[in-house]
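What follows is a set of notes on a single structure, which appears directly below.
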There are 4 protein chains.
Amino acid sequence: MSLLLTEAERNGLGDRLPDWTVTNDCKAIERTFLFRDFNEAWGFMNRVALVAERMDHHPEWSNVWNTVRIALSTHDAGGLTNRDVKLATAIDALMA
Amino acid sequence: MSLLLTEAERNGLGDRLPDWTVTNDCKAIERTFLFRDFNEAWGFMNRVALVAERMDHHPEWSNVWNTVRIALSTHDAGGLTNRDVKLATAIDALMA
Amino acid sequence: MSLLLTEAERNGLGDRLPDWTVTNDCKAIERTFLFRDFNEAWGFMNRVALVAERMDHHPEWSNVWNTVRIALSTHDAGGLTNRDVKLATAIDALMA
Amino acid sequence: MSLLLTEAERNGLGDRLPDWTVTNDCKAIERTFLFRDFNEAWGFMNRVALVAERMDHHPEWSNVWNTVRIALSTHDAGGLTNRDVKLATAIDALMA
């Protein structure tokens, strides 16, 4: 099982994942993505789905038209772990 | 532009769309779908995406692993219209 | 029903769709797309799928890992029509 | 690296994968799937894509409207291996 990030590790996330925000309860990170239209948003979501399935770690996410909001948390561990950091990093790489 | 459903039409939705619920503010209908796993949920969402794009009417929806929650509302009209009923009917047909 | 492109129109495709090739029988146009990996190829294919469904005109296409080959033809008309040109143009726009 | 199936193993595929055909050169297996329409075919293909990405083993496949043709082969090994059998089995399970 994955270990929860320590407070120091959580505080360091701003450097590694500058576009993500730690939620107030410190249990998840989230990022909102804006696209040109639904078509572009959906292409992105399909890429994220493949990454998530490959890592066997899935987002809580929502979509409205051109907007995709992704929250990452490790339920088994009750909060943020390195699995969330890895998935967020891979998602960011899709945008590069 | 689409017209808002009348109160009588909204009250009649229970017959046509028995698996959907009108939200408290009467401005949307929603339904939650449960699948075996992410794979099955994602296949379904891709089918809904095609239907939505074809109708040019898109859902507000979220996914966590095997669960998909869909809310339908017509933003231009400020509430429920026949476009929502049509999309909900088409989504239900995917499950048949 | 859509009309077949004339020979003059077919000959003019090179200007409008420089990345597409008219097949030897003059009945289809095709283009091969190369991506970084399957993930990027699949995101693209999902975007094409939405465009195709919206236009109600679907490609003959194949995929191997990072390669997507798309052929467009209008079966009802027995060859190339303006519907193929429109879909090819929309697919090209996804790559821009 | 995966080992090529022996001739005996290939001959036994008919029992395990009755809907798949070994190609004449014995280097691949293939199956054609028919769906109601493009929508249903595309939902299926997205499910196969997730399975393939998870197994890190990808099909050679093509689609025309409601038809999906899948060929499986292990290029690194120069023919059929157990990876193809596993992916075919997982694809069949999606149809159950």
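The values are calculated or read from the model by the stated rules, or taken from the named source; none is laboratory data. Computed from a predicted structure; not experimentally measured. Neighbour counts are summed over all protein chains in view; Cβ atoms, including those assigned to glycine, are modelled from backbone coordinates with ideal geometry. Quick note on the areas: whole protein, heavy atoms, side chains included, nothing else; ligands and nucleic acids left out. Shrake-Rupley method; radii C 1.70, N 1.55, O 1.52, S 1.80 Å.
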Legend entry - Meets criteria (within 14 Å of chain B (Cβ to nearest Cβ) and either open to solvent by less than 10 Å² (accessible area, probe 1.4 Å) or without any contact (Cβ under 8 Å) to a residue 12 or more places away in the chain (or both)) for residue A:33: no
Inset, instruction - Taking residue A:4 as the residue in question, decide whether it is of a type outside the set (Lys, Arg) and open to solvent by 10 Å² or more (accessible area, probe 1.4 Å). - result: yes
Inset, instruction - Being open to solvent by 10 Å² or more (accessible area, probe 1.4 Å), assigned to a helix (DSSP H, G or I) and touching a Phe, Trp or Tyr at 6+ places or on another chain (Cβ under 9 Å) is the filter here, so list the residues in the range D:36-46 that pass it. - result: D:44
Legend entry - Out of D:54, D:47, D:83, sole residue that is at pLDDT 95 or above, in contact with a Lys or Arg (Cβ under 9 Å, 6 or more places away or on another chain) and of a type in the set (Lys, Arg): D:54
Legend entry - Sole exception among (1) at pLDDT 95 or above; (2) not in a helix (DSSP H, G or I) for residue D:93, by number: (2)
Legend entry - Residues of the range D:79-96 satisfying the condition of being open to solvent by 10 Å² or more (accessible area, probe 1.4 Å) and touching a residue at least 40 places away in the same chain (Cβ under 8 Å): D:82, D:83, D:89, D:92, D:94, D:95
Legend entry - Subset of the range B:50-63 that is more than 7 Å from every other protein chain (Cβ to nearest Cβ) and closer than 21 Å to residue A:70 by Cβ - its residue that is surrounded by the fewest Cβ atoms within 10 Å (Cβ to Cβ): B:52
Legend entry - Of all residues in the range C:17-30 being open to solvent by less than 60 Å² (accessible area, probe 1.4 Å) and of a type outside the set (Gly, Ala, Ser), the one that is nearest to the other protein chains (Cβ to nearest Cβ): C:30
Inset, instruction - Can you confirm whether the range D:64-75 contains a residue that is touching a strand residue (DSSP E or B) at 6+ places or on another chain (Cβ under 6 Å) and within 7 Å of another protein chain (Cβ to nearest Cβ)? - result: yes
Inset, instruction - Inspect the range B:65-78 for any residue being farther than 25 Å from residue C:48 by Cβ, free of Cβ contacts under 8 Å to residues at least 40 places away in the same chain, outside any loop (DSSP other than H, G, I, E, B) and open to solvent by less than 80 Å² (accessible area, probe 1.4 Å) and give the result as yes or no. - result: yes
Legend entry - Restricting the range A:20-30 to residues that are over 10 Å from the mean Cα position of the chain (by Cα) and touching a residue at least 12 places away in the same chain (Cβ under 8 Å), the residue that is nearest to residue A:88 (Cα to Cα): A:22
